[in-house]
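Participant: Mind having a look at this structure? Questions to follow.
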Amino acid sequence: MFAQQLMSGIATGSLYALTAVAIVLIFRNTRTINLAQGDFSMVGAFMALVFFQVLHLSLILAFVATLISVIVLAVLVELLVMRKIRNADWLTLFTATLGVYYILHGVSGWIWGRDTKSFPNIFSVTPVSIGGMLISEAHVINILIAGGIGLLLFLFFKYTRAGIAMRAITDDVEAAQLMGIPVKFVVTLTWAVGGFLAAFAGMLLAPIIYVSPGMMDTVLIKGYVGAVFGGLYSIPGAIVGSLMIGIAENIAGGYLGAQYKVTIAFVMIVLILAFRPRGLMGGQARREV
Amino acid sequence: MAGFFCLLLVLPLFIQGFYASLLTMTFIYIIAAIGVNILTGFTGLVTVGHGGFFAIGAYTTALMGKYLGVSMLPGLFAGGITAGVVGFLLGIIFLRLSGAFLAIGTLGFAFAIGSILNNWSIFEGREGISLPHNSIAGLKFGDVGLYYFCAITMIFLILFANSLIKSSVGRAFTAVRDSERAAESSGINLRFYKTLSFTISAALTGMAGALFAHHTNYVSSETFGDSWLSVDFLVAVVVGGQASLAGSILGGAFVVLLPYYLSEYRDFAFILKGVVLILVLLFAPAGLSDLLGRLYRKILGKIVRGQSDVSCNLRD
């Protein structure tokens with residue numbers, strides 16, 4: 001029982017991590033707390049429905065098309081809005097993403113309506129037995145995909161020029177600029193990576209939480225909790241934080257009752273911030289905001 | 001400003017009860033926006049969680065009305081005091097936070113309040129609590145009566161906020177906002193003033209919440225369960241103008257009246273709200289009050305060209 005809840009906690013937590021990591025990446029390169037991150041995923045889920053059910057594309061094709069459209073959306077937001085105010089104080093940046101949030105909410109409600117839509121289960125939910133634990137196949141696949149993305153990001157930041165440039169901007173924008181790194185381009189790239197993560201989060205979460213304009217609202221908050229756990233700076237910290245939220249809410253849901261699932265995330269965020277204002281793993285955070 | 005207040009007091013003679021009710025809602029949002037502005041605009045501590053205090057004020061007066069049969073006026077004060085006490089405690093808990101961390105923490109607070117309202121049986125979740133008919137000392141209040149009650153409360157609180165920010169306390173708030181280190185080295189007790197700002201701001205928003213409960217005569221977690229209210233208050237402050245009371249008046253009106261006039265096109269109201277918000281941030285980052293103030297001075301400058309004292313502060 002406990003081990004099973006642990007596993008499903010890790011499965012949901014790894015999906016929260018996709019949002020949390022994107023929040024950290026965008027925040028540390030642009031000082032922007034991106035409120036629209038969840039809505040990138042929401043638009044992605046709707047696009048996937050369109051490509052898959054309306055246009056009848058094959059699974060892989062629908063998936064790639066969704067990925068591209070969400071990345072384009074994130075890049076457009078950067079180019080049209082965020083770039084113009086990039087030197088403003090963080091509250092301006094934050095409220096600008098709130099404006100984007102309103103627009104995406106309104107547009108998707110306008111086009112697709114406010115009712116909740118179901119999303120086809122791409123992966124089977126029949127439980128499989130792993131080492132004596134029963135766990136649904138979808139959970140296993142979610143963990144594998146999220147883990148694969150984590151590995152991909154690790155390799156990207158470690159070995160590619162673009163990834164190293166992104167880290168350089170995180171450390172010191174001015175020095176990076178003096179070293180000839182095209183800062184504007186790398187910032188756009190950061191938003192593109194955010195879009196990439198959002199597309200995966202949207203498509204993997206859609207079968208679980210269904211598709212509606214408000215589908216990502218609570219997931220976004222849980223992503224924030226994970227991100228704060230890593231001090232809004234550390235990617236491993238954000239991943240660990242998200243997994244902990246997933247586990248905590250599943251165990252609380254199992255033992256206290258399902259309605260406490262939501263409460264636990266908010267209690268965690270208040271506790272983490274009250275006792276470790278820079279997050280439990282945010283020791284390196286240097287930039288004052 | 002005095003003319004504006006007088007206009008508000010004679011207005012119900014000329015408009016229908018329905019518009020009085022809409023304006024009442026605007027006054028309530030203005031009070032809440034002033035509460036948020038004291039913390040965010042004047043003290044520099046950004047909050048995305050004041051919907052939580054709004055809910056605390058609303059539920060305090062609703063529960064008191066239901067179980068104790070208390071009327072509007074004590075409910076208003078009780079709502080303000082309860083929210084103020086919670087604000088004081090939250091201010092202490094979040095004392096070390098600033099910037100983005102505080103914003104996320106307060107957002108967490110608003111959601112925590114929302115999930116408490118949903119899960120604790122005394123708050124009756126989505127079923128909600130109906131309030132007894134609005135009255136003070138046995139006198140029943142209709143739409144227009146409530147209009148006057150809210151208008152007078154708002155005018156009183158605007159005057160209070162105005163004298164607060166012009167006092168030494170208000171100057172201490174702005175000093176904390178501009179530079180914590182400089183403020184501390186000139187002998188300003190950071191802990192004291194940050195917590196005080198949190199308390200006052202929460203109390204004002206709580207009073208607005210209490211008025212809201214009496215205006216709708218009904219509270220449920222449907223209204224208070226998510227972050228829309230908190231976000232609306234922040235939008236009111238940013239669109240209207242940070243650290244400007246006139247800005248909070250404009251911002252509060254923006255947040256209430258825009259969705260109202262587009263209520264049949266809810267999605268379109270969302271889109272327009274987002275577009276206006278982004279346009280204000282791009283072209284008038286200091287808010288509508290600053291924009292209007294500049295326009296006003298420009299027009300005045302054309303009229304009285306040649307006189308040298310036009311540049312004095314005409315914003316109030």
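Participant: Among (1) facing another protein chain (nearest Cβ under 7 Å); (2) outside any helix (DSSP H, G or I), which single condition is B:Pro132 missing?
Facilitator: (1)
Participant: Which residue pairs have Cβ atoms under 8 Å apart, sit 6 or more places apart or on different chains, and have a first residue in the range B:112-136 that is among the acidic types (Asp, Glu) and a second that is modelled with pLDDT of 85 or more?
Facilitator: B:Glu124/B:Ser220; B:Glu127/B:Ser220
Participant: Scan the range A:106-125 and give yes if some residue there is out of contact with any strand residue (DSSP E or B) (no Cβ under 8 Å at 6 or more places or on another chain), more than 23 Å from A:Leu204 (Cα to Cα), touching a residue at least 24 places away in the same chain (Cβ under 8 Å) and loosely packed, with under 15 Cβ neighbours inside 10 Å, otherwise no.
Facilitator: Among the residues of the range A:106-125, not one is out of contact with any strand residue (DSSP E or B) (no Cβ under 8 Å at 6 or more places or on another chain), more than 23 Å from A:Leu204 (Cα to Cα), touching a residue at least 24 places away in the same chain (Cβ under 8 Å) and loosely packed, with under 15 Cβ neighbours inside 10 Å, which makes the answer no.
Participant: Go through (1) in a helix (DSSP H, G or I); (2) free of Cβ contacts under 8 Å to residues at least 12 places away in the same chain; (3) surrounded by fewer than 16 Cβ atoms within 10 Å (Cβ to Cβ) for A:Arg83 and report which single condition fails.
Facilitator: (2)
Participant: Here's a follow-up. Taking the condition closer than 15 Å to A:Asp39 by Cα, modelled with pLDDT under 90 and not in a helix (DSSP H, G or I), does A:Gly214 pass?
Facilitator: When the stated conditions are applied, A:Gly214 passes them.
Participant: If you scan the range B:234-251, which residues turn out to be of a type in the set (S, T, N, Q) and within 12 Å of another protein chain (Cβ to nearest Cβ)?
Facilitator: B:Gln242
Participant: Cβ-Cβ under 7 Å, sequence separation 6+ or interchain: first residue in the range B:29-57 and within 14 Å of chain A (Cβ to nearest Cβ), partner basic (Lys, Arg). Which pairs?
Facilitator: B:Phe42/B:Arg177; B:Thr43/B:Arg177; B:Thr43/B:Lys194; B:Gly44/B:Arg177; B:Leu45/B:Lys194
Participant: For the range B:5-28, how many residues meet the condition of being more than 18 Å from B:Phe156 (Cα to Cα) and touching a residue at least 60 places away in the same chain (Cβ under 8 Å)?
Facilitator: 6
Participant: Which condition number does B:Phe254 fail, the rest of (1) aromatic (Phe, Trp, Tyr); (2) away from chain A (no Cβ under 14 Å); (3) closer than 30 Å to A:Ile111 by Cα; (4) touching a residue at least 12 places away in the same chain (Cβ under 8 Å) being met?
Facilitator: Of everything listed in (1) aromatic (Phe, Trp, Tyr); (2) away from chain A (no Cβ under 14 Å); (3) closer than 30 Å to A:Ile111 by Cα; (4) touching a residue at least 12 places away in the same chain (Cβ under 8 Å), B:Phe254 misses just condition (2).
Participant: Can you find even one residue in the range B:79-100 that is at pLDDT 90 or above, within 21 Å of B:Thr216 (Cβ to Cβ), among the aromatic types (Phe, Trp, Tyr) and part of a helix (DSSP H, G or I)? Quick ask: steps written out before the conclusion?
Facilitator: Residues of the range B:79-100 at pLDDT 90 or above: B:79-92.
Within this subset, residues satisfying the condition of being within 21 Å of B:Thr216 (Cβ to Cβ) are B:79-80, B:82-83.
Those left that are additionally among the aromatic types (Phe, Trp, Tyr): none.
No, the range B:79-100 has no match at all.
Participant: Something else: Are any of the residues in the range B:216-235 of a type in the set (Ser, Thr, Tyr), touching a residue at least 40 places away in the same chain (Cβ under 8 Å) and closer than 17 Å to B:Gly44 by Cβ?
Facilitator: No - not one qualifying residue is present in the range B:216-235.
Participant: Checking the structure you have, find out if any residue of the range A:92-109 is more than 30 Å from B:Val237 (Cβ to Cβ) and either part of a helix (DSSP H, G or I) or in contact with a Ser or Thr (Cβ under 9 Å, 6 or more places away or on another chain) (or both).
Facilitator: No, the conditions are met nowhere in the range A:92-109.
Participant: Here are A:Ile169, A:Ile164: which of them is part of a helix (DSSP H, G or I), free of Cβ contacts under 8 Å to residues at least 24 places away in the same chain and among the β-branched types (Val, Ile, Thr)?
Facilitator: A:Ile164
Participant: Within the range B:205-222, identify whether any single residue is modelled with pLDDT under 90 and within 14 Å of another protein chain (Cβ to nearest Cβ), and answer yes or no.
Facilitator: So far as the range B:205-222 goes, yes, one or more of its residues are modelled with pLDDT under 90 and within 14 Å of another protein chain (Cβ to nearest Cβ).
Participant: Which condition number in (1) at pLDDT 90 or above; (2) more than 14 Å from every other protein chain (Cβ to nearest Cβ) is the one that B:Tyr296 fails?
Facilitator: Of everything listed in (1) at pLDDT 90 or above; (2) more than 14 Å from every other protein chain (Cβ to nearest Cβ), B:Tyr296 misses just condition (1).
Participant: For the range A:18-68, what are the residues that are crowded, with 24+ Cβ neighbours inside 10 Å and small (Gly, Ala, Ser)?
Facilitator: Within the range A:18-68, A:Ala20, A:Ala22, A:Ala36, A:Gly38, A:Ser41, A:Gly44, A:Ala45, A:Ala48 qualify.
Participant: State whether one or more residues within the range B:259-268 are aromatic (Phe, Trp, Tyr) and in contact with a Gly (Cβ under 8 Å, 6 or more places away or on another chain).
Facilitator: The answer is yes, given that some residue of the range B:259-268 is aromatic (Phe, Trp, Tyr) and in contact with a Gly (Cβ under 8 Å, 6 or more places away or on another chain).
Participant: Considering (1) touching a Gly at 6+ places or on another chain (Cβ under 9 Å); (2) over 23 Å from A:Leu271 (Cβ atoms); (3) modelled with pLDDT of 85 or more, say which one B:Gly125 fails and leave the rest.
Facilitator: All conditions pass for B:Gly125, except number (3).
Participant: Could you figure out which of (1) more than 9 Å from chain B (Cβ to nearest Cβ); (2) part of a helix (DSSP H, G or I); (3) not hydroxyl-bearing (Ser, Thr, Tyr) isn't true of A:Pro120?
Facilitator: Tallying (1) more than 9 Å from chain B (Cβ to nearest Cβ); (2) part of a helix (DSSP H, G or I); (3) not hydroxyl-bearing (Ser, Thr, Tyr), A:Pro120 fails exactly one: (2).
Participant: Quickly run through the range A:19-52 and pick out the residues that are assigned to a helix (DSSP H, G or I), of a type in the set (A, V, I, L, M) and touching a residue at least 24 places away in the same chain (Cβ under 8 Å).
Facilitator: A:Ala20, A:Val21, A:Ala22, A:Ile23, A:Val24, A:Leu25, A:Ile26, A:Met42, A:Val43, A:Ala45, A:Ala48, A:Leu49
Condition check ((1) within 17 Å of the chain's Cα centre (by Cα); (2) closer than 20 Å to A:Val186 by Cβ; (3) more than 14 Å from every other protein chain (Cβ to nearest Cβ)) across all residues:
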site	(1), (2), (3)
A:Leu61	no, no, yes
A:Ala65	no, no, yes
A:Val70	yes, yes, yes
A:Arg83	no, yes, no
A:Arg86	no, yes, no
A:Trp90	no, yes, no
A:Thr95	no, no, no
A:Val100	yes, no, no
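The values are calculated or read from the model by the stated rules, or taken from the named source; none is laboratory data. This one's a predicted model, so the numbers in the text were calculated from it and none came from an experiment. So basically every Cβ, Gly included, is an ideal-geometry build from the backbone, and we count neighbours across all protein chains shown.
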